[in-house]
Amino acid sequence: MIIKKAQFVLSNSDYKKCPKPTMPEYAFIGRSNVGKSSLINMLTNNSKLAKTSGKPGKTQLINHFIINDNWYLVDLPGYGYAKVSKSDREKWGKMIYDYITQRENLYNIFVLVDSRIPPQSIDMEFINWLGENGIPFAIIYTKTDKLSKNKVAASIAAFKRELSKDWEELPPQFITSSVTKAGKDDLLSYIEEINKNNS
Ligand code: GTP
Ligand code: MG
C-alpha cells in the first residue's frame with residue numbers, strides 16, 4: 001500500500017470525542033520513548049506529522065491521523081515513564097483502558113518494544129492484558145538500526161521465549177527502524193490486508 005495522504009485530525013483524552021468510528025483504526029502503544037510517534041512519521045513519509053522528542057512523555061493525548069482519506073493511525077501516550085505522578089498515571093490508565101476497550105473501529109493495536117533491551121515486565125503485563133481481553137494486536141520491535149543483525153535476532157528470540165511462557169500462539173511481529181525504514185512495507189501490507197478483509 002502507498003500512503004498518498006496523511007493528515008492530523010484531532011487530539012483528545014476521551015475516546016467519545018475522537019473522530020466518528022466509521023473507518024478502520026490502528027493504534028500505536030508502548031513504553032515512553034520507544035518510538036511510536038517516529039514510526040508513524042516513517043510510515044507516512046512525513047517527519048513532522050506526529051510530534052517526537054528525545055525525552056520520554058512527549059505524546060500526552062489520543063492523536064488521530066487520517067490516511068488516504070479512509071483509515072486512521074492513532075498515536076498514543078507511552079506508559080512506564082518514571083517521572084509521572086500517581087494521579088497522572090491513573091488518568092493515563094483510564095484514558096487508554098476506555099479507548100482500547102470501547103473504540104469500536106479499533107482493528108489492531110501495535111505494541112512497540114525496544115529491540116535493544118531485554119523483555120520488560122511492564123510490556124509483558126500489557127501484552128498479557130490485551131491477550132486476556134481478546135484485543136487483536138501485533139508486536140513491533142523498534143530502533144533496530146542501533147544494533148547488529150545478530151543482536152536484533154537474539155533480542156527478538158529472548159522476547160519470544162518470554163511470550164511463549166504465557167502464550168501458545170504468538171502474535172504477528174515486525175522488525176522496524178524509523179531511521180532505515182526497515183519494516184515499512186511489511187507493516188503497510190499487514191494493515192492493507194486487514195482493511196481489505198473488513199471492507
Ligand atoms: P512518547 O511520546 O514520549 O511516549 O515517545 P514515543 O514512543 O512517541 O517516541 P518518539 O517517536 O518521540 O521517539 C523517541 C526518541 O527515539 C527520539 O529521539 C527518536 O528520534 C528516537 N527514535 C525513534 N525511533 C527510532 C529508530 O527507529 N531509530 C533510532 N536510532 N532512533 C529512534
Ligand atoms: Mg510519542
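Scanning the stretch 1-31 for residues that are in a strand (DSSP E or B) and under 16 Å from Leu76 (Cβ atoms) turns up Phe8, Val9, Leu10, Ser11, Asn12, Glu25, Tyr26, Ala27, Phe28, Ile29, Gly30, Arg31. Residues in the stretch 92-115 include none that are more than 16 Å from ligand 2 (Cβ to nearest atom), over 29 Å from Val9 (Cα atoms) and open to solvent by 30 Å² or more (accessible area, probe 1.4 Å). Can Ser53 be described as within 13 Å of ligand 2 (Cβ to nearest atom), modelled with pLDDT of 95 or more, open to solvent by 40 Å² or more (accessible area, probe 1.4 Å) and not in a helix (DSSP H, G or I)? The answer is no for Ser53.
Of the helices (runs of 4 or more DSSP H) entirely within the stretch 110-199, those holding at least 2 residues that are under 19 Å from Ile3 (Cα atoms) and within 19 Å of the chain's Cα centre (by Cα) occupy 184-197. Kindly evaluate Asp69 against the criterion of being away from ligand 2 (no atom under 13 Å from the Cβ), charged (D, E, K, R) and outside any helix (DSSP H, G or I). When the stated conditions are applied, Asp69 passes them.
Residues are listed down the side, and each one gets a yes or a no for (1) at pLDDT below 95; (2) touching a strand residue (DSSP E or B) at 6+ places or on another chain (Cβ under 9 Å); (3) under 21 Å from Leu73 (Cβ atoms):
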residue: Asp166; (1), (2), (3): yes, no, no
residue: Val179; (1), (2), (3): no, no, yes
residue: Gly183; (1), (2), (3): no, yes, yes
residue: Leu187; (1), (2), (3): no, yes, yes
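Out of all the residues in the stretch 32-50, which are out of contact with any helix residue (DSSP H, G or I) (no Cβ under 7 Å at 6 or more places or on another chain), near ligand 1 (Cβ under 8 Å from one of its atoms) and in a loop (DSSP other than H, G, I, E, B)? Hits for the stretch 32-50 are Ser32, Asn33, Val34, Gly35. Could you please find all residues in the stretch 118-145 being within 14 Å of ligand 1 (Cβ to nearest atom) and over 20 Å from Pro77 (Cβ atoms)? Matches in the stretch 118-145: Tyr141, Thr144, Asp145. Taking each residue of the stretch 120-144 that is small (Gly, Ala, Ser) and looking for partners that are not in a helix (DSSP H, G or I) with beta-carbon atoms closer than 7 Å, six or more apart or interchain, yields Gly131/Trp167; Ala138/Asn108; Ala138/Phe110; Ala138/Pro171; Ala138/Pro172; Ala138/Gln173; Ala138/Phe174. In the stretch 76-109, which residues are closer than 18 Å to Arg31 by Cβ, under 18 Å from the mean Cα position of the chain (by Cα) and not hydroxyl-bearing (Ser, Thr, Tyr)? Correct list: Leu76, Pro77, Gly78, Gly80, Trp92, Gly93, Met95, Ile96, Ile100, Ile109.
Could you tell me whether the stretch 78-85 includes any residue that is within 16 Å of ligand 2 (Cβ to nearest atom), open to solvent by less than 10 Å² (accessible area, probe 1.4 Å), assigned to a loop (DSSP other than H, G, I, E, B) and modelled with pLDDT under 95?
The answer is no, given that none of the residues of the stretch 78-85 is within 16 Å of ligand 2 (Cβ to nearest atom), open to solvent by less than 10 Å² (accessible area, probe 1.4 Å), assigned to a loop (DSSP other than H, G, I, E, B) and modelled with pLDDT under 95.
The values are calculated or read from the model by the stated rules, or taken from the named source; none is laboratory data. Computed from a predicted model, the values in this text were never measured in an experiment. Glycine gets a Cβ as well: all are built from the backbone with ideal geometry, and neighbour counts include every protein chain shown. For accessibility, only protein heavy atoms count, side chains too; no ligands or nucleic acids. Shrake-Rupley method; radii C 1.70, N 1.55, O 1.52, S 1.80 Å.
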